[in-house]
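The structure appears below as structure tokens.
We did not get these values from a lab; they are worked out from the coordinates using the rules stated. The shown structure was predicted, so the numbers you read here are calculated from the model rather than taken from an experiment. Positions of Cβ are generated from backbone atoms using ideal geometry, with glycine treated the same way; all protein chains shown enter the neighbour counts.
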Amino acid sequence: GNSVTQMEGPVTLSEEAFLTINCTYTATGYPSLFWYVQYPGEGLQLLLKATKADDKGSNKGFEATYRKETTSFHLEKGSVQVSDSAVYFCALSDFNAGNMLTFGGGTRLMVKP
Amino acid sequence: SQTIHQWPATLVQPVGSPLSLECTVEGTSNPNLYWYRQAAGRGLQLLFYSVGIGQISSEVPQNLSASRPQDRQFILSSKKLLLSDSGFYLCAWSGSNSPLHFGNGTRLTVT
């Protein structure tokens, strides 16, 4: 079956530090990959996505590249802000599984001023 | 544009009481609808999904049920709540080839 594994948090960084949140996946087909962000007390919002190998998704300074050879989709940002503090979820959608989303466990990011 | 509404935002209910959480979507037709639960400190668990009116698939056997009485309405229910039903419940929708769009969630505390 499909699965998504994320690094456990919390990840605590100082403002303007470089961020990497690791995500690896297992899928039987050729999934699309997503990062969702959940700010405190809110639902999840789509942050970025990539639909095929070597695609790079980007939004709000965040980037992630679909690496088929390493089955990874690591989230990066060059300079984090306090407002980036949230829980980040990696997810995959597999056409062979009816396009259902499979989520990782989430990684809490805390950015200190 | 499409919007999703979920209510109430917070709810405190005693053990053994019934539950009804409602979710509606606007601006789209025949969406796929989902209920997720997020337990404290844990990831997302898919509870139910629906691809059409009256069509409900359950992912995890439990104390909850779902119904879709109208195309853009999705209801999560329970006849008798348990303490373990406490959590953050998220409704979501998607099109045939679009990502999930989530509501703002309902924080349920069963006392």
- Just checking, which of A:THR24, A:THR65 is closer than 21 Å to B:SER98 by Cα and in contact with a His (Cβ under 9 Å, 6 or more places away or on another chain)? A:THR65
- Taking strands (runs of 3 or more DSSP E) that fall entirely within segment A:30-104, which contain at least 2 residues that are of a type in the set (A, V, I, L, M, F, W, C)? A:32-38, A:44-50, A:62-65, A:86-93, A:101-103
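Among the strands (runs of 3 or more DSSP E) lying completely within segment B:34-102, list those that include at least 2 residues that are within 28 Å of A:ARG108 (Cα to Cα). Before you say what the answer is, go through the steps one by one.
Working: elements: B:44-52, B:55-58, B:65-70, B:73-78, B:87-94.
The strands (runs of 3 or more DSSP E) meeting that bar are B:44-52, B:87-94.
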- Name the residues in segment A:44-67 that are surrounded by 13 or more Cβ atoms within 10 Å (Cβ to Cβ), over 17 Å from A:GLY104 (Cβ atoms) and not β-branched (Val, Ile, Thr), would you? A:ASP55, A:SER58, A:ASN59, A:GLY61, A:GLU63
- Query: Restricting attention to segment B:42-53, does a residue exist that is hydrophobic (A, V, I, L, M, F, W, C), buried (at least 16 other Cβ atoms within 10 Å of the Cβ), within 10 Å of chain A (Cβ to nearest Cβ) and within 20 Å of A:GLN45 (Cα to Cα)?
  - Reply: yes
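Picking from B:ARG72, B:ARG37, B:ARG107, which residue would you name as being within 12 Å of another protein chain (Cβ to nearest Cβ), farther than 21 Å from A:SER3 by Cα and touching a strand residue (DSSP E or B) at 6+ places or on another chain (Cβ under 6 Å)?
Selected residue: B:ARG107, the only one of B:ARG72, B:ARG37, B:ARG107 that is within 12 Å of another protein chain (Cβ to nearest Cβ), farther than 21 Å from A:SER3 by Cα and touching a strand residue (DSSP E or B) at 6+ places or on another chain (Cβ under 6 Å).
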- Would you pick out the residues in segment B:70-93 that are surrounded by fewer than 22 Cβ atoms within 10 Å (Cβ to Cβ), within 19 Å of A:GLN38 (Cβ to Cβ) and among the small types (Gly, Ala, Ser)? B:SER86, B:GLY87
- Message: Condition check: within 12 Å of chain B (Cβ to nearest Cβ) and within 29 Å of B:THR3 (Cβ to Cβ). Does A:PHE89 satisfy that?
- Response: yes
- Looking for whichever is of a type in the set (Gly, Ala, Ser), facing another protein chain (nearest Cβ under 10 Å) and either closer than 22 Å to A:GLY41 by Cβ or surrounded by 12 or more Cβ atoms within 10 Å (Cβ to Cβ) (or both) here; the options are B:SER98, B:SER67. Which one fits? B:SER98
- Message: On the basis of being within 14 Å of another protein chain (Cβ to nearest Cβ), in contact with a Phe, Trp or Tyr (Cβ under 9 Å, 6 or more places away or on another chain) and more than 21 Å from B:SER98 (Cβ to Cβ), does A:SER79 make the cut?
- Response: no
- Message: Tell me whether segment A:11-23 contains one or more residues that are buried (at least 16 other Cβ atoms within 10 Å of the Cβ), closer than 19 Å to B:SER94 by Cα and in contact with a Phe, Trp or Tyr (Cβ under 9 Å, 6 or more places away or on another chain).
- Response: no
- State the number of residues belonging to segment A:93-107 that are over 10 Å from the mean Cα position of the chain (by Cα) and buried (at least 16 other Cβ atoms within 10 Å of the Cβ). 8
